[in-house]
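Here the structure is laid out as structure tokens; the discussion comes afterwards.
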Amino acid sequence: MSDKRLVYLDNNATTQVAPEVVEAMLPCLTKHWGNPSSAYDLANAPARMIETARSQVALLIGTEPRNIIFTGCGTESNNTAIQSALYCNPTKRHVITTAVEHSANIKLCHQLEKRGYEVTFLPVDLDGGIDLCDLQAAIRPDTGIVSIMWANNETGVLFPVEELAAICRSHGVLFHTDAVQAAGKLPIDVQKLGVDFLSLSAHKLRAPKGIGLLYVKPNTPFQPYIIGGGQERGQRGGTENVANIVAFGKAAELALEHIDEENTRVRSLRNKLEQGILQTIRGSVRNGGGEPRLPNTTNIGFDGVEAEAILLLLDREGICASSGSACTTGSIEPSHVLQAMGVPLLRSKGSLRFSFGLDNTEADVNRVLEKLPAIVARLRDASPEALSQAEERLANTG
Ligand SMILES: *Cc1c(COP(=O)(O)O)cnc(C)c1O
């Protein structure tokens, strides 16, 4: 890797923890290390700090603190919402989701199918969009829950969550949204959205990994997923991760302060990179519609090149991006999201995601625009051996 500053354009995978967040959580590790459930004075500060954090995250999504359950991650929040709905309505054996959800949903739904549930995976069009009529048509008397993400992590495409939730409400079906990628980038008002459940994850929001939340609308039947002590008002067992909860609270406060910047400065950086690539690199195509879309994400296919090879050469230049592909046992699987959109296989295998964050600058965009055209040209000219060597190295590094 070069000795230049790292250009990190993979903020949809995780974000660097903000210095203010580190500062806020440190006292929980040093001074206020008591168990918040204990009866003595040492427990008071951590217990209070959790409630402050709960107010901060509640403000981010426009609800009361009592409607927030802290969880171990976004994955747990998604799992909890879906399994709770099914547990509380045992006669309902049908679930609706989409073909482009995070694996937290897709894999859970595949497991539900093995357990005898029926799952409808709603299709998307080439722009990554969803047809409201498909949801209308899919809802059945035995539908227990509809779970549809707000913002796609691979393409940034937004689904019309408010309309989707309204359709579910009119049929009396519970609705959950995975809003992990929306947080900090879009204003969130759970009441206006009309959702029953909403998931967030802190590490996509400049806080540490391993902490998430689930919003549960008041009076919604709820069954805990993690059974244990009476933490989180009996809704999620396990001693609270106080430091991470406090970090989440601080990150939520910062996210509210920076939401305009995400939609102005960060959006224009993304646009500059996207337009620069599409204009200078032949055979490059954006995957997914232009709007409505997250302000920080672009996904671009490069015909005739393996995404993993581009990523390897970008990494040597100190540039981090990602492919939607999952690397399983050395074979490179094309992204299920791009496949569902009908992106041709060869293009989806040559597709990269660039996702910006608040730490990115104009210089980052310029570095990519300086390096990427030559990398793509080089790979297109390269002998098949060079490509397979790159793939082999990648397989060896997992
Ligand atoms: C990252 C992500 C998740 C999972 O969150 P974790 O906290 O890493 O479990 C779920 N959904 C989407 C859309 C994500 O981007």
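Say whether the condition of being closer than 21 Å to residue 210 by Cβ and either modelled with pLDDT of 95 or more or within 16 Å of the ligand (Cβ to nearest atom) (or both) is met by at least one residue in the stretch 37-44.
Within the stretch 37-44, not a single residue is closer than 21 Å to residue 210 by Cβ and either modelled with pLDDT of 95 or more or within 16 Å of the ligand (Cβ to nearest atom) (or both).
Residue under question is residue 189, and the condition is that it be of a type outside the set (A, V, I, L, M, F, W, C) and surrounded by fewer than 22 Cβ atoms within 10 Å (Cβ to Cβ); does it hold?
In short, yes.
Quick test for you: out of 187, 141, 208, 224, pick the one residue that is without any contact (Cβ under 8 Å) to a residue 12 or more places away in the chain and either of a type outside the set (S, T, N, Q) or within 30 Å of residue 48 (Cβ to Cβ) (or both).
141
Mind checking which helices (runs of 4 or more DSSP H) fall wholly inside the stretch 271-373 and carry at least 1 residues that are under 25 Å from residue 121 (Cβ atoms) and not hydrophobic (A, V, I, L, M, F, W, C)?
336-341, 345-348
Hey, among 107, 114, which residue is within 16 Å of the ligand (Cβ to nearest atom) and of a type in the set (Lys, Arg)?
107
Tally the residues that are more than 13 Å from the ligand (Cβ to nearest atom) and assigned to a loop (DSSP other than H, G, I, E, B), restricting the search to the stretch 208-228.
Matching residues across the stretch 208-228 total 12.
If I go through the stretch 346-385 residue by residue, how many of them are crowded, with 18+ Cβ neighbours inside 10 Å and acidic (Asp, Glu)?
Of the residues in the stretch 346-385, 1 are crowded, with 18+ Cβ neighbours inside 10 Å and acidic (Asp, Glu).
Filtering the stretch 208-236 down to residues that are farther than 22 Å from residue 90 by Cα and aliphatic (A, V, I, L, M), which residue is surrounded by the most Cβ atoms within 10 Å (Cβ to Cβ)?
213
Tell me the residue from 205, 198 that is within 11 Å of the ligand (Cβ to nearest atom) and crowded, with 23+ Cβ neighbours inside 10 Å, please.
205
The values are calculated or read from the model by the stated rules, or taken from the named source; none is laboratory data. Keep in mind that this is a model prediction, so the values were computed, not measured. Quick reminder, even Gly has a Cβ in these numbers, built from the backbone with ideal geometry, and neighbours come from all protein chains shown.
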